[in-house]
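Step one of this worksheet: look at the structure below.
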Amino acid sequence: MQTTRFTGEQIIGFSKQAEAGVSIQDICCSEGFIQPIFYQWRSRLGS
């Protein structure tokens, strides 16, 4: 089973940063993942 590098709290934090106005591209580049992963997390956890 594949594990993730990021905890649920971190993923929620990324989502809150995006809601606060930080560019999704900036979040992804600084944390080391790609944009489609961010959108997958958002679809699983809700907006």
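Is it the case that some residue within the range 13-28 is hydroxyl-bearing (Ser, Thr, Tyr), in contact (Cβ under 8 Å) with a residue 12 or more places away in the chain and not in a loop (DSSP other than H, G, I, E, B)?
yes
Restricting to the range 29-47, give me the number of residues that are without any contact (Cβ under 8 Å) to a residue 12 or more places away in the chain and of a type in the set (D, E, K, R).
Here the count works out to 1.
The numbers here are math on the coordinates, done by the rules we state, and not lab data. As the structure is a computational prediction, the values presented were derived from the model and not from experiment. No Cβ is skipped: glycine too gets one built from the backbone with ideal geometry, and neighbour counts run over all protein chains shown.
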